[in-house]
Each structure stands twice: as C-alpha cells, then as structure tokens.
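Worksheet: the structure to be examined is printed underneath.
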Amino acid sequence: MGTFYVDWAAVQTVLWTLLKIMAVVVPLMLGVAYLTYAERKVIGWMQVRIGPNRVGFQGLLQPIADGLKLLMKEIIIPSGANRSLFLLGPVLAIAPALAAWAVIPFTDTLVLANINAGLLYVMAITSMGVYGVIIAGWASNSKYAFLGAMRSAAQIVSYEIAMGFALVGVLMAAQSLNLIDIVQGQAGGWNQWYVWPLLPLFVVYLIAGVAETNRAPFDVAEGESEIVAGFHVEYSGMAFAVFFLAEYANMILVAALTTLMFLGGWLSPVAFLPDGIVWWLLKTGFVLFLFLWFRATFPRYRYDQIMRLGWKVFIPVTLVWIVFVGGMMQTPYGHLFH
Amino acid sequence: MTYTAAIFYFFAAILVFAGLRVITARNPVHAALYLVLAFFTAAGLWMLLEAEFLAITLVLVYVGAVMVLFLFVVMMLDINLDRLREGFWDYLPLAGFVAVLLMIEMALILGSRHFGLDVTGTPASRSADYSNTRELGRLLYTDYVYAFELAAVILLVAIVAAIALTLRRRKDSKYINPAEQVRVRRSDRLRIVKMQAEKRPGARIQDSGEGGA
C-alpha cells in the first residue's frame with residue numbers, strides 16, 4: 001500500500017473545486033428564489049391580479065421572507081413514519097437536481113466539468129431524482145403521500161423514455177455527447193439551431209420536461225383536489241422547502257438543457273451581436289416563462305391521459321423522427337440535419 | 001497510497017457493506033435501497049476503470065429505471081417478514097451447499113493465476129479526449145453487429161411475451177377511445193330549442209337573489 005502522504009496539490013484542487021461549486025450553486029439558489037417570485041407575479045398578471053407586492057419594493061423580498069419563515073418552522077416527523085428514510089427523502093430529491101449542474105456549460109469556457117459524456121451524465125443523474133419522491137411518499141406512512149409517490153414514479157419513468165429518445169436525436173445531429181460540442185454544432189445564426197431540424201423532438205422534450213418536473217398540467221403527483229399535496233403532504237418547515245427548491249432547480253435545469261440542445265445555448269441568434277452568457281440567460285428565461293405560462297393556461301391532465309400521451313404519442317413520434325433524421329442524413333440533404 | 005487507490009478502497013468498502021445489507025436488512029424496502037447504493041457505488045468503480053459509458057449506463061438503466069420499478073412493487077406488496085423467515089434453518093444446508101459450490105467455481109476461474117496484474121496487466125490510460133462511448137458504439141455496430149442484433153431480437157420477444165401475458169380485456173372497463181372522444185361534435189349530443197320564456201300559471205315570481213350565493 002505504501003506510505004500515506006498528504007498530496008497538497010490534490011487538497012488545493014479539492015478546495016478550488018469547492019469554490020467553483022459554490023459559484024454555481026449560490027446563483028442557482030438565488031435563481032430558484034426569484035423563480036418562485038416570478039411565478040407568482042406572472043401568474044398574477046395573467047389572472048389580472050397584482051401578485052406579491054408587500055415585502056420590499058414591489059414585493060422583491062418576498063422569497064427571502066418565505067425562506068426565513070420556512071427555516072423557523074418546526075420539522076414534524078409523523079409518529080408512524082420511517083424516521084431515517086423520512087429525512088433522507090428531501091436529500092435525495094435535491095442532490096441530483098444540484099449535481100446535474102456540474103456539466104452544464106454557461107459559455108464555451110465557463111463550465112465546472114467539461115466531460116465527454118456530459119449528456120449521458122445529465123440523463124443518469126436526473127433519472128435519480130425520482131427516489132426522493134418515492135422514498136418521501138413511502139416513509140411518510142400516509143395514504144395520500146403514498147399515492148402521490150406512486151403516481152409520480154410511474155409518470156417520471158414513462159416520460160424519461162420519450163425524453164431520452166429526444167436526446168438521441170440531438171446526439172445524432174451533433175455527433176457528440178459533450179454539451180459544449182452540441183452548442184458549437186449550432187453555430188451560425190438562429191436558423192442553424194437544432195430546434196428546426198428536430199422540431200418534433202423539441203416539442204416532445206419540452207413537454208416531457210414539464211412532466212418530469214411534476215409541473216402543471218402534469219402535477220397529478222401533488223394534485224391538491226384529490227390527494228391533498230401528494231408525496232410531501234407530511235413534510236413541514238425546511239424539509240418541505242427542500243422539495244420546493246428541488247422542483248424549481250429541476251425546472252431551471254430542464255430549461256437550461258432545452259436552451260443548450262435546441263436553442264443554441266450562449267450563441268447569438270444574429271451574426272452582428274457577440275455570443276455570451278446573456279443569450280444563455282435570455283433563452284433559459286424564455287423557456288422558464290413557458291413553464292409558468294403553461295401552468296396559468298392548461299387544466300390538469302387526467303392520469304390515464306398522461307400515460308397515453310407519454311407512451312402512445314410521444315414515444316412513437318420520437319422513434320419515427322429519429323429514423324427519419326437517420327435516413328435523411330444519408331441523402332444529399334443531410335447537411336440540413338447536422 | 002495514491003488518491004485513486006484511496007477512492008477505490010472507499011468505494012469498495014461501501015459496495016461490500018451495501019451488498020451485505022441487501023441480504024441482511026429486515027425491511028425489503030431498505031434492502032432494495034441498499035441495492036441502489038450498491039449499483040451506484042459499482043458505477044463509481046467502473047468510472048475509475050475509465051469505462052464511463054458503462055458506468056453512466058449502469059446508473060441510468062439500473063438505478064434510474066429498473067430499481068424504481070422494483071421499489072414500486074416492493075412498496076405495494078404486503079410482505080409478512082415472519083412468514084418469509086419461516087423454514088430458514090431447513091433450507092440452510094441446501095443454500096450453504098450451493099454457496100460453497102459457487103465459491104469453488106469462482107475461485108477456479110477468478111483466481112490470481114488467470115486475472116492477476118501479471119496476466120491481464122493494467123489497462124492503458126487514455127487521454128481526456130478519448131471517447132469510450134464512440135469506441136463502444138463502433139464495436140457494437142461493426143464487429144459484433146450480429147451478436148448485438150440477436151440480443152435485440154431476444155429482448156423484443158421478451159417484451160412481446162410480457163405484454164401478451166398481461167394483456168386482457170376487462171369486461172367492466174369504462175374505457176372510451178380518445179379518438180372518438182375528441183371527434184364528438186356538439187350537434188351529436190346537444191339540441192338547442194328556441195322558445196319564448198313562459199310562466200307557470202299561478203306561480204309567484206321567485207326571489208331573484210336566492211340562487212346568487
């Protein structure tokens with residue numbers, strides 16, 4: 001085994017990486033806080049209400065106040081609950097939502113870990129998010145929580161397949177799993193973005209993304225009119241807030257991935273403006289706005305309709321389009337699909 | 001001890017512990033969760049071997065899909081632990097025999113004579129831009145395409161068989177074809193009759209504010 005010695009270079013690397021992680025997580029958490037504010041404001045305006053406007057200027061301190069309130073509240077553990085798993089649930093919900101950000105590039109140089117199999121890594125990590133929901137639902141020892149967890153698990157597993165196939169289309173067009181290479185493949189203006197050749201896959205990915213994050217109109221996992229609040233009905237205080245954070249962090253993640261894979265990431269839509277992180281933020285913000293818009297517009301799906309949409313509509317659409325793209329790549333028009 | 005070796009022993013310790021807990025945990029849900037931990041840790045070990053595609057696929061397929069369905073089923077079952085443990089001592093000799101046989105078989109094949117570092121050697125370390133995924137894909141679809149296609153056909157047969165086994169038409173199902181549902185027009189179901197407003201002879205005029213609340 002040899003003698004153990006302290007590798008100062010390794011220690012320095014670890015500390016430096018920790019700092020970089022903080023540089024990603026802190027803005028992300030602020031983004032989550034203000035996404036909740038934006039959601040309440042946007043939906044308020046869409047319903048001709050004012051939205052939060054009491055705490056701070058125009059209600060801008062509202063998310064901070066909400067966070068403080070949840071921090072102060074007691075975490076109640078139900079007497080029949082499985083204590084260790086009950087506490088593990090929120091951790092398993094937020095950990096994948098944050099870990100996936102390790103490979104998300106903000107510009108071609110601004111990325112925490114630029115790895116070859118970035119797209120695969122994101123898919124693998126986000127597929128683990130469902131454990132938080134299932135464990136929370138089971139450990140709560142409550143019918144409503146359990147039903148919510150079961151619904152959520154079935155829904156997430158179903159939509160992950162369509163989502164994965166949509167990403168296969170992107171992989172075919174970019175011929176790389178590296179997220180930076182995928183964005184670079186879309187260089188040359190707005191008409192080069194993969195959203196055009198892969199339009200059906202883009203639509204499937206976006207809708208499957210809404211379903212994956214359990215957002216309206218696919219939010220049957222927490223359908224308050226049927227099962228109170230679904231899987232997190234027994235959670236209070238910060239434990240509840242962690243689920244909330246995870247949901248919104250996942251929303252931002254799906255929006256960021258949509259931006260990177262279909263909307264050209266940080267690339268400028270027109271040649272005379274420089275590329276930059278501003279475009280990334282604008283596009284991600286637009287996709288997030290779509291999420292809020294969906295929530296304000298559509299009524300909740302019925303559960304069998306969700307399953308039918310996932311299995312009988314989305315998966316066939318993606319399969320057909322993948323074969324079509326593969327076939328077209330062999331024709332003289334193949335350059336349109338690269 | 002280098003950094004990599006330290007990581008290896010850390011992961012190996014977790015893997016062995018999780019594997020042991022899978023078979024010793026009393027609660028089946030705990031056992032399934034320890035299996036998830038074991039898969040995840042094994043993926044970490046594969047990552048150390050620079051097999052990133054296999055490692056990530058292990059997490060994606062086994063942790064992200066198979067074990068979710070597994071947990072799904074285990075949570076719904078009403079498992080009686082005492083009945084499961086009934087007859088433990090009766091089966092122990094047979095199980096012990098099988099276990100010893102397995103150990104002997106593994107020792108014959110996996111001994112250091114066949115798998116030691118002097119036999120297989122350390123795999124060559126690749127540069128960072130070497131894509132394990134691309135190489136694996138090339139091999140699967142060129143050199144091993146027949147084996148790959150055969151495996152795919154077997155899986156397809158398994159899928160068809162599983163669906164055929166569980167597919168049954170329920171007589172009490174109220175299922176309506178969604179295509180018919182969306183094709184319904186107003187004129188099929190609703191008839192609007194235009195007529196003058198009439199008053200029941202002798203009735204008092206109702207208080208109009210009554211139904212408002």
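The values are calculated or read from the model by the stated rules, or taken from the named source; none is laboratory data. Keep in mind the model is a prediction, meaning the values are calculated, not measured. Glycine also receives a Cβ, built like all others from the backbone with ideal geometry; neighbour counts cover every protein chain displayed. Please note that ligands, DNA and RNA were not included when accessible areas were found on the heavy atoms of the full protein model with its side chains. Shrake-Rupley method; radii C 1.70, N 1.55, O 1.52, S 1.80 Å.
Brief remarks follow.
- A:VAL111 being in contact (Cβ under 8 Å) with a residue 60 or more places away in the chain and within 11 Å of chain B (Cβ to nearest Cβ): no
- Subset tally (residues that are within 11 Å of another protein chain (Cβ to nearest Cβ) and more than 17 Å from A:LEU171 (Cβ to Cβ)) for region B:128-140: 3
Residue by residue, here is whether (1) closer than 30 Å to A:TRP266 by Cα; (2) at pLDDT 85 or above; (3) surrounded by fewer than 23 Cβ atoms within 10 Å (Cβ to Cβ) holds:
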site: A:ILE94; (1), (2), (3): yes, yes, yes
site: A:PHE106; (1), (2), (3): yes, yes, yes
site: A:LEU110; (1), (2), (3): yes, no, yes
site: A:ILE115; (1), (2), (3): yes, no, yes
site: A:ASN141; (1), (2), (3): no, no, yes
site: A:TYR159; (1), (2), (3): yes, yes, no
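- Within region A:227-251, restricting attention to residues that are open to solvent by 20 Å² or more (accessible area, probe 1.4 Å) and assigned to a helix (DSSP H, G or I), the residue that is nearest to A:TRP193 (Cα to Cα) is A:ASN250.
- The set of residues in region B:128-184 being exposed (fewer than 10 other Cβ atoms within 10 Å of the Cβ), in a helix (DSSP H, G or I) and not hydrophobic (A, V, I, L, M, F, W, C) consists of B:TYR146, B:THR166, B:GLU180, B:GLN181, B:ARG183.
- Condition met for A:PHE337 (modelled with pLDDT under 85, open to solvent by 10 Å² or more (accessible area, probe 1.4 Å) and farther than 30 Å from B:PRO178 by Cβ): yes
- Matching residues in region A:44-64 - criterion: being in a helix (DSSP H, G or I) and within 19 Å of A:LEU245 (Cβ to Cβ): A:GLN62, A:PRO63, A:ILE64
- Taking the listed residues B:VAL73, B:VAL68, B:VAL61, the one that is among the aliphatic types (A, V, I, L, M), open to solvent by 30 Å² or more (accessible area, probe 1.4 Å) and within 10 Å of chain A (Cβ to nearest Cβ) is B:VAL61, with no other qualifying.
- Residue check, A:LEU120 modelled with pLDDT of 85 or more, over 29 Å from A:ILE315 (Cβ atoms) and facing another protein chain (nearest Cβ under 9 Å): no
- Condition check for A:THR297: at pLDDT 85 or above, surrounded by fewer than 13 Cβ atoms within 10 Å (Cβ to Cβ) and more than 17 Å from A:ALA166 (Cα to Cα): yes
- Any hit, region B:12-19, residues being surrounded by fewer than 17 Cβ atoms within 10 Å (Cβ to Cβ), closer than 30 Å to B:ARG134 by Cα and in contact (Cβ under 8 Å) with a residue 12 or more places away in the chain: yes
- Against the test of being surrounded by fewer than 23 Cβ atoms within 10 Å (Cβ to Cβ) and within 14 Å of another protein chain (Cβ to nearest Cβ), the options A:SER84, A:SER79 yield a single qualifying residue, A:SER84.
- Of all residues making up region A:174-193, the number that are in a loop (DSSP other than H, G, I, E, B) and closer than 17 Å to A:VAL325 by Cβ: 6
- Checking each residue in region B:37-58 for being closer than 20 Å to A:SER158 by Cα and facing another protein chain (nearest Cβ under 7 Å) picks out only B:ILE56.
- Among the residues of region A:256-270, not a single one is in contact with a helix residue (DSSP H, G or I) (Cβ under 9 Å, 6 or more places away or on another chain), surrounded by fewer than 23 Cβ atoms within 10 Å (Cβ to Cβ), free of Cβ contacts under 8 Å to residues at least 24 places away in the same chain and not hydroxyl-bearing (Ser, Thr, Tyr).
- With respect to (1) facing chain A (nearest Cβ under 9 Å); (2) of a type in the set (Phe, Trp, Tyr); (3) surrounded by 14 or more Cβ atoms within 10 Å (Cβ to Cβ), the lone exception for B:TYR34 is condition (1).
- Residue in region B:50-58 that is acidic (Asp, Glu), touching a residue at least 40 places away in the same chain (Cβ under 8 Å) and open to solvent by less than 80 Å² (accessible area, probe 1.4 Å) present: yes
- Any pair with Cβ under 6 angstrom, 6 or more apart, that starts in region A:125-154 at a residue that is more than 7 Å from chain B (Cβ to nearest Cβ) and part of a loop (DSSP other than H, G, I, E, B) and ends at one that is modelled with pLDDT under 85 and surrounded by 23 or more Cβ atoms within 10 Å (Cβ to Cβ): A:SER140/A:GLU234; A:SER142/A:GLU234
- Residue within region A:211-219 that is of a type in the set (Lys, Arg), in a helix (DSSP H, G or I) and touching a residue at least 40 places away in the same chain (Cβ under 8 Å) present: no
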